[in-house]
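Chemist: Here it is, the structure, as structure tokens.
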Protein chains: 2
Amino acid sequence: MENREIERKWLVEKIPYDLNSLECLDIEQAYLSASPTVRIRKENDEYYLTYKGARNMEGNSDLNHSEYNLPLDRESYEHLKGKMDGKLIMKKRYLIPLENGLKIELDVFREPRQGLILAEVEFESEDEAHAFKAPEWFGVDVTGVKEYKNAVMALS
Amino acid sequence: MENREIERKWLVEKIPYDLNSLECLDIEQAYLSASPTVRIRKENDEYYLTYKGARNMEGNSDLNHSEYNLPLDRESYEHLKGKMDGKLIMKKRYLIPLENGLKIELDVFREPRQGLILAEVEFESEDEAHAFKAPEWFGVDVTGVKEYKNAVMALS
């Protein structure tokens, strides 16, 4: 239910895979609060409320980056969607297994960010994240770049 | 962060205590979703987002009654308050210690439920809840009565 995210993110120009051969999630997400992040997400037929602790929240240093994914049903998801800030994010997420139990989450965005493709890899530790050698076909490393955060895309 | 609630609730007509001698929380709460419950709460100067799993949510029987209290700050609280359904619940909660580590949470409501007083006691187990002998000054046991659920008061 709770997990901490250590992840890196890259721009992708061209995907050297047949997308139809990959496991795919149809994702829709919207934000109710930017910081801490309160987000709703639909993944195929599953619905979640996600909370991500704010970095700057006083007295909660242990909770930094803590993430909770809490189940919603379709009705509560649609109800909360009516309260969203900014724009709905819509993307297809393709899952590409790597060695060492890692996987690439390849996000292919729809309107209003049509054409944007981001690859994310999540790691168990900071060391593993630093040591990771990105595949040749990954573009610019945009880890931590605000412009490519989903919340910023939804809210700007 | 997660806890399950086993509690009983009673109406109270008259309080045999000097309220000024009791520890008190000034509570304001509002609902964004009824089921599962997504609620925001202000307790004095602390702010929370609370999630309570729905009883009827398919595939999540382990989460029944699970409750998560996740920190907000004042800004995110006020922002989310702008999205609330129904009415704001405002009450003062007085804390009265009992034997065996139990305590009474005595909720004295303000508008729109001015005059309503509810006493709640939370227990470690169902057995303890059943065995509990309520103080003489407690009125009708309204455990589980919809009309006295905060969500119902806010949303009806």
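The values are calculated or read from the model by the stated rules, or taken from the named source; none is laboratory data. What you are looking at is a predicted structure, and each value in this text was computed from that prediction instead of being measured. Note that each Cβ is placed from the backbone with ideal geometry, even for glycine, and that neighbours are counted across all protein chains shown. Note: areas computed on protein heavy atoms with side chains; ligands, DNA, RNA excluded. Shrake-Rupley method; radii C 1.70, N 1.55, O 1.52, S 1.80 Å.
Chemist: Kindly indicate the residue of segment A:106-123 that is assigned to a loop (DSSP other than H, G, I, E, B) and surrounded by 12 or more Cβ atoms within 10 Å (Cβ to Cβ) and also farthest from the chain's Cα centre (by Cα) among those meeting that condition. Don't jump to the end; show me each part of the working.
Modeler: If we filter segment A:106-123 for residues that are assigned to a loop (DSSP other than H, G, I, E, B), which is where we start, we get A:110-116, A:123.
Narrowing further to those that are surrounded by 12 or more Cβ atoms within 10 Å (Cβ to Cβ): A:110, A:112-113, A:116, A:123.
Details: A:110: 14, A:112: 16, A:113: 14, A:116: 14, A:123: 14 Å.
By that ranking, first place goes to A:112.
Chemist: Any chance you could count how many residues in segment A:7-63 are in contact with a strand residue (DSSP E or B) (Cβ under 8 Å, 6 or more places away or on another chain), more than 9 Å from chain B (Cβ to nearest Cβ) and modelled with pLDDT under 90?
Modeler: 1
Chemist: I need the full set of residues from segment B:136-154 which are exposed (fewer than 14 other Cβ atoms within 10 Å of the Cβ) and among the aliphatic types (A, V, I, L, M), in order please.
Modeler: Scanning segment B:136-154 gives B:140, B:145.
Chemist: Out of (1) in contact (Cβ under 8 Å) with a residue 24 or more places away in the chain; (2) away from chain B (no Cβ under 11 Å); (3) open to solvent by 50 Å² or more (accessible area, probe 1.4 Å), the odd one out for residue A:103 is which?
Modeler: If we test residue A:103 against (1) in contact (Cβ under 8 Å) with a residue 24 or more places away in the chain; (2) away from chain B (no Cβ under 11 Å); (3) open to solvent by 50 Å² or more (accessible area, probe 1.4 Å), just (1) comes out false.
Chemist: Please go through segment A:23-57 and give me each residue that is closer than 16 Å to residue A:87 by Cα and in a loop (DSSP other than H, G, I, E, B), ordered by number.
Modeler: Scanning segment A:23-57 gives a single hit, A:34.
Chemist: Any idea which of A:92, A:133 is open to solvent by 70 Å² or more (accessible area, probe 1.4 Å) and assigned to a strand (DSSP E or B)? Steps first, please.
Modeler: Values: A:133 fails: assigned to a strand (DSSP E or B).
That would be A:92, the only listed residue that is open to solvent by 70 Å² or more (accessible area, probe 1.4 Å) and assigned to a strand (DSSP E or B).
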